[in-house]
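Okay, structure first, notes after.
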Amino acid sequence: MPELPEVQTVLDTLESRIRDLEIVDIKILYKPIVEEKEKTFKQKLIGQHFRDFKRRGKYLLFEMDDITLVSHLRMEGKYFILDESVPLSKHDHVIFYLSDGKQLRYNDVRKFGRMELIEKSDSYDDFKDLGPEPFSKDFSVAYCRNELSRRKLPIKSILLDQSFVAGIGNIYADEILFAIRIHPLTPGNCLDEEDMKRLIKQTRQILKRAIKAGGTTIRSYTSSLGVTGRFQLSLSVHTMEKCPLCDSKITKIAVGGRGTYFCEKCQVLKS
Ligand SMILES: [Zn+2]
């Protein structure tokens, strides 16, 4: 599942490749990906240009001239920018024909991804339940104190809850908790103010580093790149064998059904 850094990488890459290009035609090969009726979707998008590229949580927002296309990659969604001569894959579901002759293809093996059009002024329903962006000043100690004081779930589950903070998934939740030396099963309301400060700081640092790594990897691809947003990450605990600090074996448990990696020696279980 792409997390915030992967989504940001996809966005940045697309921005560098298709900014200001016009959509001259659209083909929808698997209709459930698109929320609108096919006719409406085409009518509203054909003739529009990709003007701006924004992100909210794990949602991509393509701001066109008069409308915004919202795209969620869910499990396996990917974008490819390809020449029309490249044969379609059976997992290409939506094709945008661009004014430079290339195609932007939405590819999704699992078909869980979704696209929807919103008016620029709209407050999109899906965004109402999203917590603050990790880089925004709304993600503050005061905010965390207020939110965590009434949450008794394990901190790992809280980090995955998009209503607490937007964009964090399973990989980075493990990495953040390792960085702040907190055991993933620690109840949210057991974090003290110092923990919250470090949580905010490390969340930003880790995401920033991952975005940078993504950019670096993407730039090293060839021009026929698939904009997958998957790249080699330097991880400390997630799917790792040994703790980089103390050399102990990394423990794997399930928290809220999600595979969770941590070091029993370095991460404190607070209660
Ligand atoms: Zn350790």
Of all residues in the range 98-136, how many are in a loop (DSSP other than H, G, I, E, B) and among the charged types (D, E, K, R)?
9
If PRO87 passes every condition in (1) free of Cβ contacts under 8 Å to residues at least 60 places away in the same chain; (2) under 13 Å from LEU11 (Cβ atoms) but one, which one does it miss?
(2)
When LYS270 is evaluated against the numbered criteria (1) over 19 Å from the mean Cα position of the chain (by Cα); (2) away from the ligand (no atom under 16 Å from the Cβ); (3) at pLDDT below 95, which criterion, by number, is the only one it fails?
(3)
Has the range 14-27 got at least one residue that is under 30 Å from LEU159 (Cβ atoms) and of a type outside the set (Val, Ile, Thr)?
yes
Any hit, the range 203-221, residues being closer than 19 Å to ASN146 by Cα, at pLDDT 90 or above, of a type outside the set (Gly, Ala, Ser) and not in a loop (DSSP other than H, G, I, E, B):
yes
Among the residues of the range 41-63, is any modelled with pLDDT of 90 or more, touching a helix residue (DSSP H, G or I) at 6+ places or on another chain (Cβ under 7 Å) and farther than 30 Å from ILE206 by Cα?
no
If you go through the range 237-244 one residue at a time, do you hit one that is in the same structural domain as ALA173 (by TED's automatic domain parsing), modelled with pLDDT under 95, among the aliphatic types (A, V, I, L, M) and more than 9 Å from the ligand (Cβ to nearest atom)?
yes
If we ask which residues in the range 248-267 are within 11 Å of the ligand (Cβ to nearest atom) and assigned to a strand (DSSP E or B), their number turns out to be 3
So which strands (runs of 3 or more DSSP E) are wholly in the range 1-97 and hold at least 2 residues that are within 24 Å of the chain's Cα centre (by Cα) and buried (at least 16 other Cβ atoms within 10 Å of the Cβ)?
52-56, 59-63, 68-72, 78-83
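The values are calculated or read from the model by the stated rules, or taken from the named source; none is laboratory data. On a predicted model such as this, the values are computed, not experimentally measured, just so you know. Cβ: placed from backbone, ideal geometry, glycine included. Neighbour counts: every protein chain shown.
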